[in-house]
Amino acid sequence: MDKQICEWLLEDENPEVKLRTLKEYLKYDDKHPEVIRSRETLIKSKVYVSIIKKLRSDKKWDKFDALMALAEWGLTRKDVGEEIDKEVFGLIEETNFKMACAEPFLLRDLVKLGYYSESVVREEILSMVSLIKDDGGFGCISRNRKINDPKKPHKSCARLTVEYLLLAAELKLQGIEMDFYSAITGYFLKRNIFYRTDDMKTPMVQVMTETFYPPDPIKVGVHNIVYALRVLGISLDSEAMRCGMEVLNKYRLADGTYKISGYKGAPAFKPGKKDEKNKWITLYAYMTQDFQESSDTRCRGRDF
(Lines give C-alpha, C1' and ligand atoms only; values in the text may rest on other atoms or scores of the structure.)
Protein backbone atom coordinates (compact mmCIF):
# COMPACT_ATOMS: atom_id res chain seq x y z
CA MET A 1 0.00 0.00 0.00
CA ASP A 2 1.36 3.40 -0.94
CA LYS A 3 2.02 5.99 1.74
CA GLN A 4 -0.73 8.33 0.52
CA ILE A 5 -3.40 5.63 0.75
CA CYS A 6 -2.14 4.51 4.15
CA GLU A 7 -2.25 8.06 5.49
CA TRP A 8 -5.77 8.46 4.12
CA LEU A 9 -6.97 5.35 5.98
CA LEU A 10 -5.32 6.58 9.18
CA GLU A 11 -6.96 10.00 9.18
CA ASP A 12 -8.37 10.99 12.57
CA GLU A 13 -11.72 12.01 11.08
CA ASN A 14 -12.68 8.33 10.72
CA PRO A 15 -11.44 6.71 13.95
CA GLU A 16 -13.38 3.52 13.22
CA VAL A 17 -11.46 2.98 9.97
CA LYS A 18 -8.21 4.01 11.61
CA LEU A 19 -8.58 1.51 14.45
CA ARG A 20 -9.34 -1.42 12.13
CA THR A 21 -6.41 -0.42 9.90
CA LEU A 22 -4.00 -0.26 12.83
CA LYS A 23 -5.11 -3.58 14.29
CA GLU A 24 -5.86 -5.77 11.30
CA TYR A 25 -3.77 -4.32 8.50
CA LEU A 26 -0.71 -3.05 10.36
CA LYS A 27 -1.07 -5.80 13.02
CA TYR A 28 -0.49 -3.48 15.98
CA ASP A 29 -1.44 -5.00 19.33
CA ASP A 30 -3.87 -3.42 21.77
CA LYS A 31 -1.06 -1.87 23.83
CA HIS A 32 0.44 0.08 20.93
CA PRO A 33 0.18 3.85 21.61
CA GLU A 34 -1.53 4.55 18.26
CA VAL A 35 -4.11 1.83 18.93
CA ILE A 36 -4.81 3.21 22.40
CA ARG A 37 -5.24 6.76 21.09
CA SER A 38 -7.43 5.67 18.19
CA ARG A 39 -9.64 3.53 20.42
CA GLU A 40 -10.10 6.39 22.89
CA THR A 41 -10.97 8.78 20.08
CA LEU A 42 -13.49 6.34 18.62
CA ILE A 43 -15.22 5.74 21.95
CA LYS A 44 -15.70 9.50 22.37
CA SER A 45 -17.02 9.98 18.82
CA LYS A 46 -20.57 10.65 17.62
CA VAL A 47 -20.59 7.51 15.45
CA TYR A 48 -19.82 5.38 18.52
CA VAL A 49 -22.54 7.05 20.59
CA SER A 50 -25.09 6.37 17.85
CA ILE A 51 -24.15 2.69 17.73
CA ILE A 52 -24.38 2.33 21.52
CA LYS A 53 -27.93 3.71 21.25
CA LYS A 54 -28.70 0.91 18.80
CA LEU A 55 -27.13 -1.61 21.15
CA ARG A 56 -29.46 -0.45 23.95
CA SER A 57 -32.54 -0.65 21.73
CA ASP A 58 -35.38 -3.07 22.47
CA LYS A 59 -35.29 -4.15 18.82
CA LYS A 60 -33.18 -7.23 18.16
CA TRP A 61 -32.15 -6.11 14.67
CA ASP A 62 -30.86 -2.82 16.04
CA LYS A 63 -28.74 -4.83 18.46
CA PHE A 64 -27.56 -7.00 15.58
CA ASP A 65 -26.52 -3.94 13.58
CA ALA A 66 -24.71 -2.51 16.60
CA LEU A 67 -22.73 -5.69 17.21
CA MET A 68 -21.81 -5.86 13.52
CA ALA A 69 -20.59 -2.26 13.55
CA LEU A 70 -18.52 -2.67 16.70
CA ALA A 71 -16.93 -5.80 15.25
CA GLU A 72 -16.22 -4.15 11.91
CA TRP A 73 -14.53 -1.26 13.65
CA GLY A 74 -12.11 -3.56 15.46
CA LEU A 75 -13.50 -3.09 18.97
CA THR A 76 -13.91 -5.89 21.51
CA ARG A 77 -16.18 -6.57 24.45
CA LYS A 78 -13.36 -5.37 26.72
CA ASP A 79 -13.22 -2.05 24.86
CA VAL A 80 -16.97 -1.45 25.14
CA GLY A 81 -17.29 -2.53 28.77
CA GLU A 82 -19.78 -4.50 30.84
CA GLU A 83 -22.79 -3.00 29.07
CA ILE A 84 -22.17 -5.04 25.94
CA ASP A 85 -22.25 -8.30 27.89
CA LYS A 86 -25.72 -7.51 29.19
CA GLU A 87 -26.98 -6.82 25.67
CA VAL A 88 -25.25 -9.81 24.06
CA PHE A 89 -26.47 -12.36 26.58
CA GLY A 90 -29.92 -10.79 26.54
CA LEU A 91 -30.04 -11.15 22.75
CA ILE A 92 -28.92 -14.78 22.98
CA GLU A 93 -31.59 -15.49 25.58
CA GLU A 94 -34.25 -13.81 23.45
CA THR A 95 -33.34 -15.46 20.15
CA ASN A 96 -31.26 -18.54 20.97
CA PHE A 97 -29.07 -17.23 18.10
CA LYS A 98 -31.94 -17.81 15.64
CA MET A 99 -32.27 -14.56 13.69
CA ALA A 100 -33.71 -15.74 10.36
CA CYS A 101 -30.74 -16.15 7.99
CA ALA A 102 -28.38 -14.10 10.17
CA GLU A 103 -27.15 -16.67 12.70
CA PRO A 104 -23.71 -17.38 11.17
CA PHE A 105 -23.18 -13.64 10.74
CA LEU A 106 -24.07 -13.04 14.40
CA LEU A 107 -21.68 -15.80 15.44
CA ARG A 108 -18.93 -14.22 13.33
CA ASP A 109 -19.46 -10.87 15.03
CA LEU A 110 -19.44 -12.46 18.49
CA VAL A 111 -16.14 -14.21 17.74
CA LYS A 112 -14.62 -10.95 16.51
CA LEU A 113 -15.82 -9.15 19.64
CA GLY A 114 -14.20 -11.77 21.88
CA TYR A 115 -17.06 -14.07 22.87
CA TYR A 116 -15.58 -17.38 21.69
CA SER A 117 -14.40 -17.86 25.28
CA GLU A 118 -18.04 -18.27 26.30
CA SER A 119 -19.19 -21.90 26.22
CA VAL A 120 -22.65 -20.98 24.93
CA VAL A 121 -21.06 -19.40 21.84
CA ARG A 122 -18.52 -22.20 21.27
CA GLU A 123 -21.17 -24.90 21.55
CA GLU A 124 -23.51 -23.10 19.13
CA ILE A 125 -20.72 -22.72 16.57
CA LEU A 126 -19.81 -26.41 16.80
CA SER A 127 -23.47 -27.37 16.46
CA MET A 128 -24.06 -25.18 13.42
CA VAL A 129 -20.91 -25.96 11.45
CA SER A 130 -21.70 -29.68 11.84
CA LEU A 131 -24.60 -29.07 9.42
CA ILE A 132 -22.26 -28.55 6.47
CA LYS A 133 -23.43 -30.40 3.35
CA ASP A 134 -21.48 -32.71 1.06
CA ASP A 135 -20.82 -29.87 -1.40
CA GLY A 136 -19.12 -27.79 1.30
CA GLY A 137 -22.01 -25.37 1.70
CA PHE A 138 -24.90 -24.89 4.09
CA GLY A 139 -28.55 -25.52 3.31
CA CYS A 140 -31.47 -23.12 3.21
CA ILE A 141 -33.23 -22.77 6.58
CA SER A 142 -36.49 -21.32 5.24
CA ARG A 143 -39.70 -22.98 6.40
CA ASN A 144 -41.50 -21.86 3.26
CA ARG A 145 -42.21 -25.07 1.35
CA LYS A 146 -42.24 -23.21 -1.96
CA ILE A 147 -38.61 -22.26 -1.33
CA ASN A 148 -37.38 -25.17 0.74
CA ASP A 149 -39.59 -28.24 0.41
CA PRO A 150 -38.12 -30.82 2.82
CA LYS A 151 -39.30 -33.63 0.51
CA LYS A 152 -37.04 -32.43 -2.31
CA PRO A 153 -33.24 -32.41 -2.51
CA HIS A 154 -31.68 -28.97 -2.39
CA LYS A 155 -28.27 -27.54 -3.11
CA SER A 156 -26.59 -25.33 -0.55
CA CYS A 157 -27.68 -21.71 -0.15
CA ALA A 158 -24.92 -19.44 -1.47
CA ARG A 159 -25.99 -16.49 0.67
CA LEU A 160 -25.90 -18.51 3.89
CA THR A 161 -22.64 -20.21 2.93
CA VAL A 162 -20.96 -16.82 2.47
CA GLU A 163 -21.87 -15.99 6.07
CA TYR A 164 -20.27 -19.22 7.25
CA LEU A 165 -17.19 -18.32 5.22
CA LEU A 166 -16.90 -15.05 7.17
CA LEU A 167 -17.31 -17.00 10.41
CA ALA A 168 -14.58 -19.43 9.37
CA ALA A 169 -12.20 -16.59 8.53
CA GLU A 170 -12.78 -14.87 11.85
CA LEU A 171 -12.18 -18.10 13.75
CA LYS A 172 -8.95 -18.53 11.80
CA LEU A 173 -7.85 -14.97 12.60
CA GLN A 174 -8.38 -15.78 16.28
CA GLY A 175 -6.11 -18.82 15.97
CA ILE A 176 -8.95 -21.32 16.17
CA GLU A 177 -8.74 -24.32 13.84
CA MET A 178 -11.80 -26.27 12.71
CA ASP A 179 -12.32 -29.16 10.33
CA PHE A 180 -14.82 -27.42 8.02
CA TYR A 181 -12.39 -24.82 6.62
CA SER A 182 -11.21 -26.98 3.73
CA ALA A 183 -14.73 -27.98 2.71
CA ILE A 184 -16.17 -24.46 2.75
CA THR A 185 -13.25 -22.96 0.81
CA GLY A 186 -13.66 -25.80 -1.69
CA TYR A 187 -17.26 -24.74 -2.22
CA PHE A 188 -16.08 -21.36 -3.50
CA LEU A 189 -12.97 -22.53 -5.32
CA LYS A 190 -14.88 -24.86 -7.63
CA ARG A 191 -17.19 -21.97 -8.51
CA ASN A 192 -14.41 -19.42 -9.09
CA ILE A 193 -15.92 -17.90 -5.94
CA PHE A 194 -19.07 -16.36 -7.41
CA TYR A 195 -20.52 -18.49 -10.16
CA ARG A 196 -23.06 -21.21 -10.78
CA THR A 197 -21.50 -24.60 -11.45
CA ASP A 198 -23.76 -25.00 -14.50
CA ASP A 199 -22.92 -21.52 -15.85
CA MET A 200 -19.53 -20.11 -14.87
CA LYS A 201 -20.45 -16.66 -16.19
CA THR A 202 -23.55 -16.12 -14.06
CA PRO A 203 -23.10 -15.16 -10.37
CA MET A 204 -24.95 -17.23 -7.82
CA VAL A 205 -25.88 -13.93 -6.14
CA GLN A 206 -25.21 -10.65 -7.96
CA VAL A 207 -24.20 -8.71 -4.84
CA MET A 208 -21.27 -11.09 -4.35
CA THR A 209 -19.61 -9.35 -7.33
CA GLU A 210 -20.25 -5.86 -5.95
CA THR A 211 -18.66 -3.75 -3.21
CA PHE A 212 -21.74 -3.60 -1.00
CA TYR A 213 -20.94 -2.35 2.52
CA PRO A 214 -21.54 -2.60 5.45
CA PRO A 215 -22.21 -6.29 4.96
CA ASP A 216 -25.69 -7.59 5.60
CA PRO A 217 -26.67 -11.18 6.42
CA ILE A 218 -27.78 -11.88 2.85
CA LYS A 219 -25.72 -9.20 1.10
CA VAL A 220 -21.96 -9.67 1.34
CA GLY A 221 -19.68 -8.09 -1.24
CA VAL A 222 -16.60 -9.26 -3.12
CA HIS A 223 -14.14 -7.47 -0.82
CA ASN A 224 -15.40 -9.35 2.25
CA ILE A 225 -15.40 -12.65 0.41
CA VAL A 226 -11.91 -12.53 -1.10
CA TYR A 227 -10.44 -11.35 2.21
CA ALA A 228 -12.04 -14.28 4.02
CA LEU A 229 -10.58 -16.71 1.47
CA ARG A 230 -7.10 -15.19 1.87
CA VAL A 231 -7.34 -15.53 5.64
CA LEU A 232 -8.22 -19.18 5.14
CA GLY A 233 -5.06 -19.72 3.13
CA ILE A 234 -6.18 -19.44 -0.48
CA SER A 235 -3.35 -18.14 -2.66
CA LEU A 236 -3.72 -15.06 -4.84
CA ASP A 237 -2.22 -17.21 -7.61
CA SER A 238 -5.11 -19.69 -7.58
CA GLU A 239 -7.56 -19.53 -10.47
CA ALA A 240 -10.43 -18.64 -8.15
CA MET A 241 -8.59 -15.82 -6.42
CA ARG A 242 -7.37 -14.40 -9.72
CA CYS A 243 -11.01 -14.32 -10.73
CA GLY A 244 -11.95 -12.74 -7.41
CA MET A 245 -9.34 -10.02 -7.66
CA GLU A 246 -10.35 -9.32 -11.25
CA VAL A 247 -13.89 -8.66 -10.07
CA LEU A 248 -12.72 -6.56 -7.11
CA ASN A 249 -10.38 -4.53 -9.29
CA LYS A 250 -13.30 -3.38 -11.42
CA TYR A 251 -13.91 -1.02 -8.52
CA ARG A 252 -10.29 0.16 -8.32
CA LEU A 253 -9.68 3.81 -9.16
CA ALA A 254 -6.66 5.41 -10.83
CA ASP A 255 -5.17 6.50 -7.50
CA GLY A 256 -5.19 2.94 -6.12
CA THR A 257 -8.26 3.38 -3.91
CA TYR A 258 -11.53 1.46 -4.36
CA LYS A 259 -15.12 2.67 -4.65
CA ILE A 260 -18.24 1.41 -2.94
CA SER A 261 -21.12 0.16 -5.09
CA GLY A 262 -23.89 0.56 -2.54
CA TYR A 263 -25.40 -0.17 0.87
CA LYS A 264 -28.81 -0.94 2.30
CA GLY A 265 -31.39 1.77 2.79
CA ALA A 266 -30.67 2.23 6.49
CA PRO A 267 -27.12 0.97 7.05
CA ALA A 268 -25.85 0.24 10.55
CA PHE A 269 -23.37 3.07 10.06
CA LYS A 270 -22.64 5.47 7.21
CA PRO A 271 -19.90 3.95 5.03
CA GLY A 272 -19.43 6.84 2.58
CA LYS A 273 -21.04 8.00 -0.65
CA LYS A 274 -22.10 5.50 -3.29
CA ASP A 275 -19.83 5.16 -6.34
CA GLU A 276 -17.08 7.22 -4.73
CA LYS A 277 -13.74 6.12 -3.33
CA ASN A 278 -14.25 4.44 -0.01
CA LYS A 279 -11.98 3.78 2.94
CA TRP A 280 -13.63 0.53 3.96
CA ILE A 281 -13.51 -1.09 0.53
CA THR A 282 -9.93 0.11 0.09
CA LEU A 283 -8.92 -1.34 3.45
CA TYR A 284 -10.43 -4.74 2.65
CA ALA A 285 -8.77 -4.75 -0.77
CA TYR A 286 -5.31 -4.15 0.69
CA MET A 287 -5.84 -6.52 3.60
CA THR A 288 -6.48 -9.14 0.93
CA GLN A 289 -3.56 -8.24 -1.33
CA ASP A 290 -1.02 -7.80 1.47
CA PHE A 291 -2.23 -10.51 3.84
CA GLN A 292 1.08 -12.39 4.03
CA GLU A 293 3.30 -9.33 3.62
CA SER A 294 5.37 -8.22 6.59
CA SER A 295 3.62 -5.54 8.65
CA ASP A 296 6.85 -3.49 8.46
CA THR A 297 6.40 -3.02 4.70
CA ARG A 298 2.64 -2.63 4.45
CA CYS A 299 2.53 1.17 4.41
CA ARG A 300 5.46 1.94 2.16
CA GLY A 301 7.08 5.27 2.91
CA ARG A 302 5.26 5.99 6.19
CA ASP A 303 7.29 6.60 9.34
CA PHE A 304 5.77 5.09 12.46
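Filter the cross-link list 3/44; 155/190; 44/279; 23/270 down to pairs whose alpha-carbon distance in this structure exceeds 24 Å. Beyond 24 Å: 3/44.
Residue 210 contributes about 50 Å² of solvent-accessible surface, heavy atoms of the protein only, 1.4 Å probe. Calculated from the structure at hand, log10 I(q)/I(0) by the Debye sum over Cα atoms at q = 0.08, 0.09 Å⁻¹ is found among [x] -0.34, -0.43; [y] -0.59, -0.70; [z] -0.47, -0.59 as [x]. Given R0 = 22 Å, the distance between the Cβ atoms of residue 29 and residue 2 translates into a calculated FRET efficiency of 0.35.
Taking every C-alpha pair closer than 8 Å and separated by at least 6 residues, the mean separation divided by the residue count of the range 170-251 gives a relative contact order of 28 percent.
Over the residues of the chain, the helix contribution to mean residue ellipticity at 222 nm works out to -14000 deg cm²/dmol, using -39500 (n - 2.57) for each DSSP H run of at least 4. Between residue 135 and residue 264, the FRET efficiency from the beta-carbon distance, with R0 = 30 Å, is close to 0.55.
Might you report the magnitude of the Cβ-based charge dipole of the range 169-304 about its Cα centre, with Lys and Arg at +1 and Asp and Glu at -1, to the nearest 20 debye?
520
Candidate cross-link partners of residue 54 among the aspartates and glutamates, defined by an alpha-carbon separation under 14 Å and a same-chain spacing of 8 or more, comprise 62, 65, 83, 87. Distant-in-sequence amide contacts of residue 195, defined by a placed amide H-H separation under 5 Å and a gap of 5 or more residues or a different chain, comprise 204. Share of carbon and sulfur in the accessible area of the chain stands at 48%, probe radius 1.4 Å.
Across the range 127-133, computed HN-Hα scalar couplings (Karplus, 6.51 cos²θ - 1.76 cosθ + 1.60, θ = phi - 60°) run 5, 6, 6, 5, 8, 4, 8 Hz from first to last residue, x flagging Gly and Pro. Note on residue 242 and residue 98: with the Förster distance fixed at 22 Å, the Cβ-Cβ geometry gives a FRET efficiency of about 0.05. Take the chain with all the other protein chains still there, run a 1.4 Å probe, and you get 47 Å² of accessible area per residue.
In summary, the aspartates and glutamates within cross-link reach of residue 277, defined as a Cα separation below 13 angstrom excluding same-chain residues under 8 places away, comprise 255. Summarising the amide proton neighbourhood of residue 258: residues at separation of 5 or more, or on other chains, whose placed amide H is nearer than 5 Å comprise 253, 278, 282. Listed cross-link partners 31/264; 46/259; 18/172 are compared with a 29 Å cut-off, the Cα-Cα value being larger for 31/264. Using a simple spin-label model with pseudo-atoms 7 Å out from Cα toward Cβ, residue 120 and residue 86 lie 1.5 nm apart.
The values are calculated or read from the model by the stated rules, or taken from the named source; none is laboratory data. Remember, predicted model here, so these are calculated numbers, not experimental data. Positions of Cβ are backbone-derived with ideal geometry, glycine not excepted, and every protein chain shown enters the neighbour counts. With ligands, DNA and RNA removed, areas are computed over all heavy atoms of the protein, side chains included. Shrake-Rupley method; radii C 1.70, N 1.55, O 1.52, S 1.80 Å.
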